[in-house]
Amino acid sequence: MNKNKDNNPTENNNEPNQDPSIKDQVEELLDDAIEEVEEQDEEGTLSEAEQLKNDLEKEKDKFLRLFAEFENYKRRTSKERLELFKTANQEVMTAMLPVLDDFDRALVEINKAKDKNLLKGVELIHNKFRETLKNKGLEAMNTEKGETFDADIHEAITQIPAPSEKLKGKIVDVVERGYKLGERIIRFPKVVIGQ
């Protein structure tokens with residue numbers, strides 16, 4: 001019986017016919033699987049390259065932002081340094097303003113006394129002192145009677161009834177001069193305004 005089974009030609013013919021078709025299918029499946037794996041590897045390599053590109057772009061962006069921030073910092077500090085040099089003597093200048101006011105008041109009183117030599121001597125000292133302060137950047141603010149009051153550049157110390165309709169809301173009297181050091185106002189002019 002065993003001999004019959006081994007010698008059976010139909011069974012032997014069927015097995016070899018099935019083997020090549022199964023073998024072909026297995027080979028095709030293996031080839032497809034290998035191709036998929038290779039494509040995934042290629043995609044993985046591309047995505048890795050893309051990832052590196054993205055990382056490089058991010059680093060470039062960070063660098064450019066940091067560089068721009070540093071440039072802004074340099075500009076800001078140089079501007080602040082220039083501002084500091086312009087106004088470095090602000091405290092000294094502010095301390096000297098009452099002395100300048102005293103000189104102005106003294107000139108008015110000496111002028112009343114009509115002593116020409118005393119007046120001339122005090123004027124020389126006053127002018128020298130004023131010019132020295134002017135050379136250091138101090139500038140008197142010109143505030144006239146009749147100007148419109150501006151709270152940004154004037155300091156109102158009181159309000160009085162306006163002597164005329166034209167002076168309502170305007171400066172009636174300047175009590176104390178204002179001064180600038182460079183572009184910065186270091187003392188606002190003290191004024192009286194009309195109601």
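The values are calculated or read from the model by the stated rules, or taken from the named source; none is laboratory data. These figures come from a predicted structure and were not determined experimentally. Positions of Cβ are generated from backbone atoms using ideal geometry, with glycine treated the same way; all protein chains shown enter the neighbour counts. The area values use the complete protein model at the heavy-atom level, side chains included, leaving out ligands, DNA and RNA. Shrake-Rupley method; radii C 1.70, N 1.55, O 1.52, S 1.80 Å.
Are any of the residues in region 162-185 open to solvent by 90 Å² or more (accessible area, probe 1.4 Å) and in contact with a helix residue (DSSP H, G or I) (Cβ under 7 Å, 6 or more places away or on another chain)?
The answer is yes, given that some residue of region 162-185 is open to solvent by 90 Å² or more (accessible area, probe 1.4 Å) and in contact with a helix residue (DSSP H, G or I) (Cβ under 7 Å, 6 or more places away or on another chain).
May I ask you to list the residues in region 146-160 that are exposed (fewer than 13 other Cβ atoms within 10 Å of the Cβ) and part of a loop (DSSP other than H, G, I, E, B)?
Gly146, Asp150, Ala151, Asp152
Of the residues in region 110-125, how many are open to solvent by 80 Å² or more (accessible area, probe 1.4 Å) and in a loop (DSSP other than H, G, I, E, B)?
Looking only at that region, the number is 1.
Are any residues in region 175-184 modelled with pLDDT of 90 or more and in a strand (DSSP E or B), and if so, which ones?
Once the filter is applied, which keeps residues that are modelled with pLDDT of 90 or more and in a strand (DSSP E or B), region 175-184 yields Val175, Glu176, Gly178, Tyr179, Lys180.
Is it the case, given these coordinates, that Gly194 is closer than 30 Å to Arg81 by Cβ and surrounded by 14 or more Cβ atoms within 10 Å (Cβ to Cβ)?
Considered against the rule, which asks whether it is closer than 30 Å to Arg81 by Cβ and surrounded by 14 or more Cβ atoms within 10 Å (Cβ to Cβ), Gly194 comes out as no.
Can you tell me which residue within region 69-95, out of those that are closer than 18 Å to Lys128 by Cβ and touching a residue at least 40 places away in the same chain (Cβ under 8 Å), is least open to solvent (accessible area, probe 1.4 Å)?
Met93
Go through region 126-143 and count every residue that is within 37 Å of the chain's Cα centre (by Cα) and open to solvent by 80 Å² or more (accessible area, probe 1.4 Å).
Final tally of qualifying residues: 6.
Could you list, in sequence order, all residues of region 170-186 that are over 25 Å from the mean Cα position of the chain (by Cα) and not basic (Lys, Arg)?
Result: Ile171, Val172, Asp173, Val174, Val175, Glu176, Gly178, Tyr179.
I'm checking my understanding of the structure. Among residues of region 96-109 that are open to solvent by 80 Å² or more (accessible area, probe 1.4 Å) and not aliphatic (A, V, I, L, M), which one is nearest to the chain's Cα centre (by Cα)?
Restricting to residues being open to solvent by 80 Å² or more (accessible area, probe 1.4 Å) and not aliphatic (A, V, I, L, M), the top hit is Asp102.
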